[in-house]
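Written out below as structure tokens is the structure these notes cover.
The values are calculated or read from the model by the stated rules, or taken from the named source; none is laboratory data. These numbers were taken from a predicted model, which means no experiment stands behind them. Positions of Cβ are backbone-derived with ideal geometry, glycine not excepted, and every protein chain shown enters the neighbour counts.
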Amino acid sequence: MPETLLETPDSVMRAAQQFEQVQAGNGKMGDKLMLNLGPSHPSTHGVLRVLLELDGEIVTRAVPDIGYLHRGDEKIAENMTYNQFVPYTDRLDYLAPLASNVAYALAVEKLMGWTIPPRGQVIRVICCELARISAHLLGMGALAMDCGAMTVFLYIFTEREKIYNLIELLTGARFTTSYTRIGGQIRDLPPGFIDQAKAFVEQFKGKIDELDQLLSRNKIFVDRNKGIGIISKEDAIDFGLTGPNLRGSGVYYDIRKDRPYLTYSEYGFSVPVGSVGDCYDRYLCRLEELRQSTRILEQALSHIPTGPINIGDGKGFLPRKDKVLTKMEELIHQFILVTEGIQAPVGEVYFGAENPKGELGFYINSKGGGVPYRMKIRSPSFVNLSILSKLLPGHMMADVVAILGSLDFVMGECDR
């Protein structure tokens, strides 16, 4: 069995003891050097610590140490009503909070047996693809900056600012949106949103081509990434990788295609797949996914159905404010929903969504009532990082930075 992050505490302890022994000596252990990468280092993209054993410039052993950002989200969920937990999903992959909101809401709605109206589903698709573009842009920009390309990082922040303006128009917030509710959204599309979103998508096509020209044939960037951090198709499957990291290794798997949800089955888009499985392939997959997300957004924005955005179950969704202020029955209904939450049936469900980092899944075990008995979050960043112990050895120290950047992880999601 491959050593995964779930099996590393003893390894971390042993490596830490060796590291202390090295510090007590002359910084050497035989002909090996122990190096502490992180948890406060720009290239680890968060509070990730990797204990590296080096033979000169070559990594001979790598032990990832996680948990510095652990907040106990899964335990917190057991003490909150289903809707109260929505803001906590913003703090998972905080580069794509809208997509995390949707994935969680779909899991609870699966437990409830609810399907939101078509208009609400299309709005969720728009949210998810805007979040995917924003997250991939930052992932590519950070990888480029880690390899010395500063211009791309500034370019992508210009485009992400335009997405944040759209998100602010839609939700009232820019970063932690909490836009989704169990059974729908907090509000419908505001006036002017569709036109502004279409304008963004149209101009963004040219920006993708600019990013392509800046990086894809840049000799320094190509040399830093091509042939580096190769993950074979078999290893990617064995370690449970998902998202662009899995597809970059040549595995055709995208939940939007293999297990369609919302209205994804109605849209025409392609799933980019790599051939080598190196850092460069993972970069190319994300670059092409930007183009495919614009295709989905064009189709979704052009065919938004009319009608309600929330479920019609009067006992499962908060009543309109004007009714709460004028009718005693609606006031009582709101009070019960806010204090006790929606009354979920007994059962257990799992729902996985194709998020920017991979498959974000929620397992919910319910014994009835307004709170889950148990919740487990399958965070793609956590699973994707499990391959570091096998992937890093054999590479040069400078390559570690490019490999970490190509995996594109978020520690808030990893540690939960």
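Considering only segment 221-265, state which residues are hydrophobic (A, V, I, L, M, F, W, C), out of contact with any Asp or Glu (no Cβ under 9 Å at 6 or more places or on another chain) and part of a loop (DSSP other than H, G, I, E, B).
Phe239, Val251, Leu262
Would segment 325-338 turn up any residue that is over 30 Å from Asp146 (Cβ atoms), in contact with a Pro (Cβ under 8 Å, 6 or more places away or on another chain) and among the hydroxyl-bearing types (Ser, Thr, Tyr)?
No, segment 325-338 contains no residue that is over 30 Å from Asp146 (Cβ atoms), in contact with a Pro (Cβ under 8 Å, 6 or more places away or on another chain) and among the hydroxyl-bearing types (Ser, Thr, Tyr).
In segment 45-84, which residues are more than 30 Å from Met397 (Cβ to Cβ) and either among the charged types (D, E, K, R) or crowded, with 22+ Cβ neighbours inside 10 Å (or both)?
Here is the first cut: in segment 45-84, the ones more than 30 Å from Met397 (Cβ to Cβ) are 71-84.
Passing the criteria: Arg71, Asp73, Glu74, Lys75, Ala77, Glu78, Tyr82.
Count, please, the residues in segment 138-161 that happen to be under 26 Å from Pro190 (Cα atoms) and either at pLDDT 95 or above or aromatic (Phe, Trp, Tyr) (or both).
The qualifying residues number 1.
Of the residues that sit in segment 300-321 and are crowded, with 17+ Cβ neighbours inside 10 Å and modelled with pLDDT of 90 or more, which one is nearest to Glu234 (Cα to Cα)?
By that ranking, first place goes to Ala300.
Residue by residue through segment 188-216, note down the ones that are free of Cβ contacts under 8 Å to residues at least 60 places away in the same chain, within 28 Å of Trp114 (Cα to Cα) and either in contact with a Gly (Cβ under 9 Å, 6 or more places away or on another chain) or part of a helix (DSSP H, G or I) (or both).
Phe193
Name the residue that is nearest to Phe317 (Cα to Cα), counting only residues in segment 338-381 that are out of contact with any Lys or Arg (no Cβ under 8 Å at 6 or more places or on another chain) and in a helix (DSSP H, G or I).
Val338
Tell me, yes or no, whether segment 272-285 has at least one residue that is among the charged types (D, E, K, R), in the same structural domain as Gln196 (by TED's automatic domain parsing) and either more than 25 Å from Gly227 (Cβ to Cβ) or touching a helix residue (DSSP H, G or I) at 6+ places or on another chain (Cβ under 8 Å) (or both).
Scanning segment 272-285 turns up at least one residue that is among the charged types (D, E, K, R), in the same structural domain as Gln196 (by TED's automatic domain parsing) and either more than 25 Å from Gly227 (Cβ to Cβ) or touching a helix residue (DSSP H, G or I) at 6+ places or on another chain (Cβ under 8 Å) (or both).
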